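Participant: Shown below is the structure under consideration.
What follows is calculated from the coordinates using simple rules that are stated; it is not laboratory data. A quick note: this is a predicted structure, and the numbers were derived from the prediction, not measured. Methodologically, a virtual Cβ is constructed for each residue, glycine included, from the backbone with ideal geometry; neighbour enumeration extends over all protein chains shown.
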Amino acid sequence: METLEEQLIRHEGYRRFPYKCSAGKLTIGIGRNIDDVGISKDEAIHLLENDIKQCKYDLHARYPVIKTLDETRQNVLVNMCFNLGIVRIAQFKKMWAALRVQDFPEASRQMLDSKWAKQVGKRADELAEIMKTGEQLC
């Protein structure tokens, strides 16, 4: 006997990316009407947790130097990866070079000397300061 969940999956299908349903509503997943229902905070936190895990995985796979950094500085890089994606954070070649030799003031300067820093403003200032000092700001 088919469960309700199985029946809904069969009827609605699964869509990884948003699309307009037959009623013209923005929809994702298994018939989730984003226009009218949106997502709950719990669902948003669940998505965030998954995204953080993916960023950590991507960074560790691509940049072994991350293992040599303290958790606070690793979190800066995860935050940047979350915002930029792994492909765009890879463009910070001078930052990565500075991190390989533990030159945190230089890594911080390289973070700020970027288009990204101009786009995100205070976020970049805060993350660069944390990278430089290794201390989480309150």
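Participant: Pull up all non-local amide H partners of Arg15: gap of 5 or more, or a different chain, and H-to-H distance under 5 Å with H placed in the peptide plane.
Facilitator: For Arg15, the qualifying residues are Gly29, Ile30, Gly31.
Participant: Separate question: What net charge is computed for the residues neighbouring Leu77, neighbours being all others with C-beta under 12 Å from the C-beta of Leu77, Lys and Arg scored +1, Asp and Glu -1?
Facilitator: Surrounding charge for Leu77 is +1.
Participant: Another question, then. Residue by residue, what Karplus-based ³J(HN,Hα) values in Hz, rounded to whole numbers, does region 71-83 have, using 6.51, -1.76 and 1.60 with θ = phi - 60° and x for Gly and Pro?
Facilitator: 4, 4, 6, 4, 5, 4, 5, 5, 4, 5, 5, 4, 6
Participant: Excluding Ile9 itself, calculate the net charge of residues whose Cβ lies under 15 Å from the Cβ of Ile9, where each Lys or Arg counts +1 and each Asp or Glu counts -1.
Facilitator: Once positives and negatives cancel, what remains is 0.
Participant: May I pose another question? With Cβ to Cβ distances under 12 Å as the rule, what net charge do the other residues near Ile86 carry (K, R +1; D, E -1)?
Facilitator: +1
Participant: Just to confirm the number: angle between the C-alpha axis of helix 41-62 and the first principal axis of the chain, 0 to 90 degrees, nearest 10?
Facilitator: 50
Participant: Which three numbers, in whole Å and largest first, are the semi-axes of the equivalent ellipsoid of the chain derived from its Cα gyration tensor as √(5λ)?
Facilitator: Those come to 39, 16, 13 Å.
Participant: Ok, one more. A 24 angstrom limit on the alpha carbon distance is what I want to check against. Which of Lys67/Lys122; Lys94/Lys118; Lys20/Lys115; Lys94/Lys115; Lys25/Lys118; Lys67/Lys94 exceed it?
Facilitator: Lys67/Lys122; Lys20/Lys115; Lys25/Lys118
Participant: Shifting gears a bit: Could you state the angle between the C-alpha long axis of helix 122-133 and the longest principal axis of the C-alpha atoms of the chain, as a value from 0 to 90 degrees rounded to the nearest 10?
Facilitator: Helix 122-133 and the main axis of the chain meet at about 50 degrees.
Participant: Could you work out [θ]222 nm for the chain from helices alone, using -39500 (n - 2.57) per DSSP H run of at least four and dividing by all its residues? Round to the nearest 500 deg cm²/dmol.
Facilitator: -18000 deg cm²/dmol
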